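Participant: The structure follows.
The values are calculated or read from the model by the stated rules, or taken from the named source; none is laboratory data. Note that the structure is a prediction, hence the values are computed from the model and not measured. Cβ: placed from backbone, ideal geometry, glycine included. Neighbour counts: every protein chain shown. Ligands, DNA and RNA are excluded from the accessible area calculation, which covers all protein heavy atoms including side chains. Shrake-Rupley method; radii C 1.70, N 1.55, O 1.52, S 1.80 Å.
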Amino acid sequence: MNCKQYEQLLWAEAEGQLSPAEAQALQAHLRTCVHCQRQREVVHATYRALSMLPRYRAPEHALAQVKARLQAPAQPAWWQRWRRVALAPALGLLLALGWWGWQQHSYTPDTPTTAAVNETEHWIELHQQLEVAEWSPTPTPDYFLFTGHSR
Amino acid sequence: MMGCDTVSYGGRGIVVESISAEAWLIQRAQARDEAAFEQLMRLHADKLYNYLVRMVGNPTDAEDLLQEVFLRAYQGLPSFDGRASLSTWLYRIATNLCIDHQRRRARRVTTVSYSAQEDDEGEPTEWEFADPNAPDPLEALMHKELQQVVEQAIQSLSPKLRAVLLLYDVEGLSYEEIAQALRIPMGTVKSRLNHARTQIQRQVEAYLRGETK
């Protein structure tokens with residue numbers, strides 16, 4: 001037997017499950033193997049820690065909640081069976097309604113608003129002034145007289 | 001535990017005189033007797049909760065899962081044939097729920113770090129401390145530290161290894177009962193136990209050598 005196999009026996013020893021022959025063989029090995037002596041301490045410490053881990057207790061209210069859920073009126077069997085089937089069309093309808101609502105919200109009419117018209121006219125007028133200015137880089141007094149523009 | 005003439009369940013004042021008493025409770029619960037089912041819940045709640053807390057790593061999720069175990073047990077009880085013990089059957093339901101829970105948690109990719117041993121204020125909660133039989137305070141402190149090392153080592157195991165280790169070394173099930181609960185061959189139980197123990201052993205060894213806290 002090698003050290004790895006003796007390590008298995010160390011766990012069995014910690015559990016108190018060694019046969020007399022195995023115990024004798026292990027003791028003989030431990031007398032000559034420092035590595036397995038150290039492993040023996042580790043295995044026994046691990047086994048002790050595992051077997052003495054503190055135990056949790058189930059919270060009383062968890063059991064009370066189970067009891068309450070058991071006593072709650074059960075949903076009809078047909079609903080249990082069909083609720084998933086019914087869920088898909090319902091979701092589809094919701095999505096369609098949502099899309100329609102969004103379309104309505106983001107709809108823009110063809111006719112521009114009064115403010116938009118005013119602004120457009122303003123830019124056209126400005127553009128015209130600039131064109132005139134380009135054609136007449138040095139406006140004469142006649143320009144101001146005929147166009148009505150002022151300096 | 002099966003085969004005993006008298007089975008006592010402490011802590012909640014419930015004493016089941018024999019295994020046949022549990023069988024009677026099961027029969028009543030199968031006939032939708034909620035009082036009988038409540039008795040069964042009380043008999044198995046602490047063991048299951050203790051297992052669940054260490055399987056999922058925190059008491060809050062364990063509490064939700066405990067409720068789910070009992071609800072599923074109640075639904076499935078009419079088809080419970082008694083080939084395995086009720087305890088083994090409940091551990092099977094609990095383990096399956098833990099694996100589902102683990103998958104969901106992995107999908108969410110949460111990075112919440114939670115210590116199974118401490119509440120928000122850093123104090124141990126819901127513990128029933130075992131007597132370490134160590135009158136020396138220093139020894140008691142080392143024992144507590146060692147337990148923390150072991151708790152952390154348990155959490156670092158894969159769920160498959162963790163389940164086997166907890167069922168065998170903490171809950172005290174036999175190889176056969178674990179094989180039934182997890183629906184795996186007995187050889188696999190032994191092999192997983194061996195792997196799990198080796199991993200725990202390594203971390204304990206590192207602690208004892210002073211390589212970790």
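Here is a yes/no grid of residues against (1) assigned to a loop (DSSP other than H, G, I, E, B); (2) at the interface with another protein chain (Cβ under 10 Å from one of its Cβ atoms); (3) at pLDDT below 90:
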residue	(1), (2), (3)
A:ALA62	no, yes, no
A:ALA74	yes, no, yes
A:ARG84	no, no, yes
A:LEU87	no, no, yes
A:GLY101	no, no, yes
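Participant: Looking at segment B:60-79, which of its residues are touching a residue at least 40 places away in the same chain (Cβ under 8 Å) and open to solvent by 10 Å² or more (accessible area, probe 1.4 Å)? Step through it out loud before you land on a result.
Facilitator: To start, the set of residues in segment B:60-79 that are touching a residue at least 40 places away in the same chain (Cβ under 8 Å) comprises B:61, B:74, B:77-78.
Passing the criteria: B:ASP61, B:TYR74, B:PRO78.
Participant: Also, quick follow-up: Of everything in segment B:80-107, what is part of a helix (DSSP H, G or I), basic (Lys, Arg) and open to solvent by 70 Å² or more (accessible area, probe 1.4 Å)? Give them in sequence order. Steps first, answer last, please.
Facilitator: Filtering segment B:80-107 for residues part of a helix (DSSP H, G or I) gives B:86-107.
Of the ones still in play, those that are also basic (Lys, Arg) are B:92, B:103-105, B:107.
Across segment B:80-107, the qualifying residues are B:ARG103, B:ARG104, B:ARG107.
Participant: Cβ contacts < 8 Å: first residue more than 7 Å from chain A (Cβ to nearest Cβ) and touching a residue at least 24 places away in the same chain (Cβ under 8 Å), restricted to segment B:188-205; second residue open to solvent by 60 Å² or more (accessible area, probe 1.4 Å) and not in a helix (DSSP H, G or I), any location; separation 6+ or different chain. Result?
Facilitator: Qualifying pairs under 8 Å: B:GLN203/B:THR212.
Participant: Further question on the same structure: Please pick out the residue among B:ALA179, B:ALA140, B:ALA206, B:ALA196 that is among the small types (Gly, Ala, Ser), surrounded by fewer than 16 Cβ atoms within 10 Å (Cβ to Cβ) and either in the same structural domain as B:LEU90 (by TED's automatic domain parsing) or touching a helix residue (DSSP H, G or I) at 6+ places or on another chain (Cβ under 9 Å) (or both).
Facilitator: On the way: B:ALA179 fails: surrounded by fewer than 16 Cβ atoms within 10 Å (Cβ to Cβ); B:ALA140 fails: either in the same structural domain as B:LEU90 (by TED's automatic domain parsing) or touching a helix residue (DSSP H, G or I) at 6+ places or on another chain (Cβ under 9 Å) (or both); B:ALA196 fails: surrounded by fewer than 16 Cβ atoms within 10 Å (Cβ to Cβ).
Every option except B:ALA206 fails the conditions.
Participant: Something else now. Taking the stated definitions as given, is B:ASP46 open to solvent by 40 Å² or more (accessible area, probe 1.4 Å) and within 9 Å of chain A (Cβ to nearest Cβ)? Walk me through it before giving the result.
Facilitator: Working: open to solvent by 40 Å² or more (accessible area, probe 1.4 Å): no; within 9 Å of chain A (Cβ to nearest Cβ): yes.
It is false that B:ASP46 is open to solvent by 40 Å² or more (accessible area, probe 1.4 Å) and within 9 Å of chain A (Cβ to nearest Cβ).
Participant: May I ask you to say which residue of B:GLU126, B:GLU151, B:GLU118, B:GLU139 is farther than 23 Å from B:CYS98 by Cα and either at pLDDT below 95 or at the interface with chain A (Cβ under 9 Å from one of its Cβ atoms) (or both)?
Facilitator: B:GLU139
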